[in-house]
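Working notes, beginning with the structure itself.
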Amino acid sequence: MPDEEKAQLYLYSVPPPYDNLDDSEEAGPLLSSSSSSSSCSSAQNELATQSAAEQRQQYIPRGLIRHEPRRASIDIQSIDLSTPRSSTESAGLQREIMQLDIIEPPLAGTIMRPSIQSRLATNIKSKLTILNRLSSKLNVFNGLGSRFQFMTAFFYSVNGRYNAITSSLSKSLNTRLETFGNPLLIKRLAFVFMLSLGMWLIIASDLLPFGTSNGGPSWPPEHYPLDAMREFFFHEISAKKIAAHIQALTALPHMAGTKGDMSMATYVAQQFRDFNAFSSVETKPYDVFLTYPNRSGQRLALLSDEKTTRNFRRQVVYEANLIEIEAEPGTFDKQPFPIHGLSTAGNVTGHVVYANYGTKKDFEKLKELRISLDGAIVFCRYGLVHESLKIKAAEVYGAAGVVLFRDRADKDMVSYPDGRAIPEGAVQRGSAGLRNWAPGDPLTPGWASTPLAERVGRANSTCLVKIPSLPISWDDAKHFIAALKGYGKKVDSPWIGQFSGVDEWWTGSADGPTANLRNSPAEQERQPIWNVIAKIEGTDQPEKAVILGAHRDAWCYGASDAMSGTAVMLEVARILGYIAVEFTWRPLRSIYFASWDGTEQNLMGATEWVEDNIDMLRQDGMVYINLDQAVSGTQFNASGNPLLNSVLLTALGQVYDPFRNKTIRDLWGNELPPLEGDKDTMPFQSFAGIASIDLGFSTPGGYPTRTCFDNKAWLNKFGDPPEVLVSSDKLVQLSYDKNDVGDDGYPYVFHKLLTQIVGAMVIRFADEMILPFDLSSYARSITHYMVELEAYSGKSSKLDVQSLVKGVSALTESALQMEKWNKEWMNSFMAMGHVETTTMTAHRWSRNSRLTNFDKHLLNMDGLPGRNWFKHVIFAPQMWPPSAQDESYLASGTFTAVRDALERGDGEEAQIQLDKISHQLYEAAQKLVG
């Protein structure tokens, strides 16, 4: 077989293990080259003329042309398996394909779908049946015989003559046909031939609108080699398009449920419609519980030690502004008042206590130091754990209220506008919603917030804290921290902040300074939010779903968090839509593009949509790719399900960082860490059992997230900079052609790199014949998580992991069998000249469905102990996760029920939970091949 043909056939196969990948594979043009970023809009204008169309052909990679469909109606018994392999191997493959069960009985209905031709015929038949019924009801001659007898006689006469003529012609035709054979059989064959010819003419002439409802490509769609798809995709990425999206999406603040948010939803929906390639574009509202700022109802005041004689009230020493300094000139009036979403109303007064980052370890240290927390107003820094856990921990330890402020990661970092760090006058917002207890609408935990949905009372919700909280700037916080000097215990460097303004850091005490905290947010129990969902319908297994999502809402402008992700998602959708329209391409599986709302409050939009579509997702959801804080720096990061490891690493090996002149894979690594617990991946992975991943570029040290300083100006200067410090003494700045930059003059290099990575992954997940899941990586990762779990348990609660070892061994063996089957299937497919029989298709669908169902077999429908919303026994956030500084942090989202029991000190319960998980893992591994 020619090498060129082998290269194209390889594209349909499952890739080899990632440590055997050839990193020298061509990754497409560098972003700095002028030919790599031609604008799609300008290309479409050029196509209006014939000369421009001819010119464009030189940019279309070889292979993006029409070729024969893969499948044909050939019985597997008649296939010649004379390949370079031995006859024994060929016969074994044939027996295996014939004897394999298709899929488990409960899912057989979704896998054994009729062929496209059969579905088309059934659809036409149903339409004809309806027309026949309608015709019988609308027959204008019914009942006329009794009133107009002459008309009846006339029609009987006509009918008699017609029957006589047709009878005579039929006899004559039968006489002639008898010389060739059975007249009835010949007439039936002629009828079938004419019917088939008529259907072919209808389809070929595009008389019926097969394809999208928006004037998309006609039937049948084409399939192209995956390398040609990827190369063309990379070439079409446009900095101008990305810049236009960023400009539009950061034009005004857009908190969830506000007019600004609705305008952004309208923008995204219109972009999807303008792409003209989607089978559906839907704006889906949900009515959820949200809170909004109430400036007159918020107060934070430092009080004097002495009470006045009048009403025994303390005097106000300092009252916090509770506002954020102006992020951009002339925008102060537009900036939303800072708030904690889903915070509790309250008016409390108590002594001030400083609790570092507010982790459980920090509160334990205060307890060891005998610092009273009863009735205290606790001040904490953002970071290490989610803000809702800080508030909940303070509540558990007896505090009356919580105040959070953002510190600089490093005292040597320079604040904006001269550096990337958060300014002292900025206020980081956040959410008090306990997403580690249950994300989504806290009044509808486990079901969607539709208009008629039942709602629990606010007081009965387990997802809401019971004490009030406020966010403030360092400009405000330093007055309260400085006032603690001499009270309680003096703390050392791990507890000392990086901003200036406080010379000594103390914990505070019950006899120290007091503060009054008042919070009265505006509550909306049924506030509409809007998800925008677009879909490219698949052709081979259209019920299967590959989902790409990014949240749209922001506390203010949200340039990095999360408009950068939305811009990347829109660019991926635009290019895939363009390929679908221009080249009549359709993926094998359906692709969903989702713009989530309400993520900042409590992962509202994604969670409600998953809960609303849970039956479909648990049956047919394959992959979820999340873009949150997509671009806030220059270093790639990812976390996710290990099933997706191989596809990720292959994509990273195909994308080059032009500043460092290396592939992203060379710069990143080989193993995908487990998911973090505060992303929109949570409902997909932990509730629906869909393999999920989160991708992005960032820089250590953070950025002014959830402040109004996270705007387009900061993003262009520091988030996606035109120059990059690649080492301590080397600053790289590239030159760009005018076509390589947006209309604002910025190149958006890392947005384009992320678009390449995401596009390459989506194309493979949606259009590779055998789903490229990496079971071997899953087994290796489980082994790593097991080692981390043993270390977390310590000597006092030593776990017996032998049952888990058995489960991992079963998974490893199943992975080897699946890989062997995949190779044999590909060998057969290649030997048959790219032709797949109906039987082979059914078994391939079965294998793809088994891979899809693997994580779903790891769902426990009873939920985790004490948190029944979470269903996945391996991947779910820990109730009280360790901080980001702890060694066990990276694996804290694995074996959650075991870790929760260990955190409570219940070693016996931890062993019980581990044995249950091990058994379920073993069963899931067996179902892959059983």
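Report whether or not residue 395 is touching a residue at least 40 places away in the same chain (Cβ under 8 Å), of a type outside the set (Val, Ile, Thr), outside any loop (DSSP other than H, G, I, E, B) and surrounded by fewer than 24 Cβ atoms within 10 Å (Cβ to Cβ). Criteria met by residue 395. The condition of being under 24 Å from residue 803 (Cα atoms), among the acidic types (Asp, Glu), out of contact with any Pro (no Cβ under 9 Å at 6 or more places or on another chain) and not in a helix (DSSP H, G or I) holds for only one of 862, 915, that being 862. What are the residues in the range 804-853 that are closer than 24 Å to residue 916 by Cα, in contact with a strand residue (DSSP E or B) (Cβ under 9 Å, 6 or more places away or on another chain) and among the β-branched types (Val, Ile, Thr), if any? 852 - this is the single residue of the range 804-853 that is closer than 24 Å to residue 916 by Cα, in contact with a strand residue (DSSP E or B) (Cβ under 9 Å, 6 or more places away or on another chain) and among the β-branched types (Val, Ile, Thr).
Selection over the range 330-358 of residues that are surrounded by 19 or more Cβ atoms within 10 Å (Cβ to Cβ), hydrophobic (A, V, I, L, M, F, W, C) and in contact with a helix residue (DSSP H, G or I) (Cβ under 9 Å, 6 or more places away or on another chain) gives a count of 4.
Restricting attention to the range 747-784, the residues being part of a helix (DSSP H, G or I), of a type outside the set (A, V, I, L, M) and buried (at least 22 other Cβ atoms within 10 Å of the Cβ) number 12.
Tell me yes or no: at least one residue of the range 730-737 is without any contact (Cβ under 8 Å) to a residue 40 or more places away in the chain, surrounded by fewer than 24 Cβ atoms within 10 Å (Cβ to Cβ) and out of contact with any Phe, Trp or Tyr (no Cβ under 9 Å at 6 or more places or on another chain). Within the range 730-737 (the criterion being without any contact (Cβ under 8 Å) to a residue 40 or more places away in the chain, surrounded by fewer than 24 Cβ atoms within 10 Å (Cβ to Cβ) and out of contact with any Phe, Trp or Tyr (no Cβ under 9 Å at 6 or more places or on another chain)), the answer is yes, since at least one residue qualifies.
For residue 525, the criteria (1) part of a strand (DSSP E or B); (2) surrounded by 19 or more Cβ atoms within 10 Å (Cβ to Cβ) hold in every case but one, which is (2).
Of all residue pairs spaced 6 or more apart or on separate chains, those with beta-carbon atoms under 6 Å, a first member in the range 545-556 that is farther than 7 Å from residue 255 by Cα and a second member that is basic (Lys, Arg) are 546/589. For the range 739-796, the set of residues classified as β-branched (Val, Ile, Thr) and under 30 Å from residue 658 (Cβ atoms) consists of 741, 749, 755, 757, 758, 762, 763, listed by residue number. Within the range 542-593, the residues that satisfy the criterion of being part of a helix (DSSP H, G or I) and either on the phi > 0 side of the Ramachandran plot or among the acidic types (Asp, Glu) (or both) are 571, 582. Selection of first residues in the range 660-676 that are closer than 25 Å to residue 782 by Cα and among the acidic types (Asp, Glu) and of second residues that are crowded, with 18+ Cβ neighbours inside 10 Å and at pLDDT 95 or above, restricted to Cβ pairs under 6 Å at least 6 apart or on distinct chains, gives the following pairs, ordered by first then second residue: 676/639.
Pick from 758, 762: which is outside the structural domain of residue 330 (by TED's automatic domain parsing), in contact with a strand residue (DSSP E or B) (Cβ under 7 Å, 6 or more places away or on another chain), at pLDDT 95 or above and farther than 14 Å from residue 697 by Cβ? Give the steps one after another, and end with the answer.
Working: 758 fails: farther than 14 Å from residue 697 by Cβ.
Only one candidate qualifies: 762.
Select from the range 394-405 the residues that are in contact with a Ser or Thr (Cβ under 7 Å, 6 or more places away or on another chain) and among the small types (Gly, Ala, Ser) and list them in ascending order. Within the range 394-405, just 401 meets the criteria. Among the residues of the range 259-275, those identified as in contact with a helix residue (DSSP H, G or I) (Cβ under 8 Å, 6 or more places away or on another chain) and within 13 Å of residue 552 (Cβ to Cβ) are 264, 267, 268, 271, 272. With respect to residue 469, is the statement that it is at pLDDT below 95 and within 30 Å of residue 701 (Cα to Cα) true? Spelling it out, it is not the case that residue 469 is at pLDDT below 95 and within 30 Å of residue 701 (Cα to Cα). Spot the failing condition for residue 638; the list is (1) within 30 Å of residue 868 (Cα to Cα); (2) assigned to a strand (DSSP E or B); (3) in contact (Cβ under 8 Å) with a residue 60 or more places away in the chain, and only one is missed. Of the numbered conditions (1) within 30 Å of residue 868 (Cα to Cα); (2) assigned to a strand (DSSP E or B); (3) in contact (Cβ under 8 Å) with a residue 60 or more places away in the chain, the odd one out for residue 638 is (3).
Which members of the range 241-252 meet the condition of being buried (at least 21 other Cβ atoms within 10 Å of the Cβ) and touching a helix residue (DSSP H, G or I) at 6+ places or on another chain (Cβ under 8 Å)? Talk me through it step by step, then tell me what you get.
Taking the range 241-252 and keeping what is buried (at least 21 other Cβ atoms within 10 Å of the Cβ), we get 241-243, 245-246, 249-250.
Across the range 241-252, the qualifying residues are 241, 242, 245, 246, 249, 250.
Number of residues in the range 453-468 that are in contact with a helix residue (DSSP H, G or I) (Cβ under 8 Å, 6 or more places away or on another chain), closer than 16 Å to residue 602 by Cβ and β-branched (Val, Ile, Thr) equals 1.
When both residues are 6+ apart or on different chains and their Cβ atoms are under 9 Å apart, which pairs have a first residue that lies in the range 860-882 and is closer than 18 Å to residue 440 by Cβ and without any contact (Cβ under 8 Å) to a residue 40 or more places away in the chain, and a second that is of a type in the set (Asp, Glu) and buried (at least 21 other Cβ atoms within 10 Å of the Cβ)? As it stands, the answer is 864/900; 866/900, since those pairs meet every condition given. Kindly list, by first and then second residue, each pair from a residue in the range 353-379 that is within 15 Å of residue 494 (Cα to Cα) to a residue that is of a type in the set (Asp, Glu), limited to pairs with Cβ atoms under 8 Å and residues at least 6 apart or on different chains. Short answer, once both residue conditions are applied: 355/362; 356/362. In the list 510, 515, which residue meets the criterion of being crowded, with 24+ Cβ neighbours inside 10 Å, closer than 30 Å to residue 400 by Cβ and outside the structural domain of residue 694 (by TED's automatic domain parsing)? Result of the check over 510, 515: 515.
Report yes if some residue within the range 490-498 is crowded, with 19+ Cβ neighbours inside 10 Å and not in a helix (DSSP H, G or I); otherwise report no.
Filtering the range 490-498 for residues crowded, with 19+ Cβ neighbours inside 10 Å gives 497.
So of that shortlist, the ones also not in a helix (DSSP H, G or I) come out as 497.
Yes.
Please determine whether any residue of the range 257-272 is among the charged types (D, E, K, R), at pLDDT 95 or above and closer than 24 Å to residue 580 by Cβ. So far as the range 257-272 goes, no, none of its residues is among the charged types (D, E, K, R), at pLDDT 95 or above and closer than 24 Å to residue 580 by Cβ. Might you let me know whether the range 528-541 holds any residue that is part of a loop (DSSP other than H, G, I, E, B), under 25 Å from residue 239 (Cα atoms) and aliphatic (A, V, I, L, M)? There is no residue in the range 528-541 that is part of a loop (DSSP other than H, G, I, E, B), under 25 Å from residue 239 (Cα atoms) and aliphatic (A, V, I, L, M). Counting only strands (runs of 3 or more DSSP E) that sit completely within the range 277-379, those holding 2 or more residues that are among the hydrophobic types (A, V, I, L, M, F, W, C) and closer than 22 Å to residue 517 by Cβ correspond to 299-307, 314-319, 346-354.
On the stretch given as the range 594-635, residues that are of a type in the set (Gly, Ala, Ser) and in a helix (DSSP H, G or I) total 2.
If you go through the range 473-480 one residue at a time, do you hit one that is assigned by TED's automatic domain parsing to the domain that holds residue 356, modelled with pLDDT of 95 or more and farther than 23 Å from residue 319 by Cα? No, because not a single residue in the range 473-480 is assigned by TED's automatic domain parsing to the domain that holds residue 356, modelled with pLDDT of 95 or more and farther than 23 Å from residue 319 by Cα.
Do we have any residue at all in the range 879-891 that's modelled with pLDDT under 95 and either crowded, with 24+ Cβ neighbours inside 10 Å or in a helix (DSSP H, G or I) (or both)? Checked the range 879-891: at least one residue is modelled with pLDDT under 95 and either crowded, with 24+ Cβ neighbours inside 10 Å or in a helix (DSSP H, G or I) (or both).
Which residues, counting only those in the range 380-390, are at negative phi and part of a loop (DSSP other than H, G, I, E, B)? Show your work before the answer.
First, the residues of the range 380-390 that are at negative phi: 380-382, 385-390.
Correct list: 382, 386.
The values are calculated or read from the model by the stated rules, or taken from the named source; none is laboratory data. On a predicted model such as this, the values are computed, not experimentally measured, just so you know. In this analysis, Cβ positions are derived from the backbone assuming ideal geometry, glycine residues included, and neighbour counts consider all displayed protein chains.
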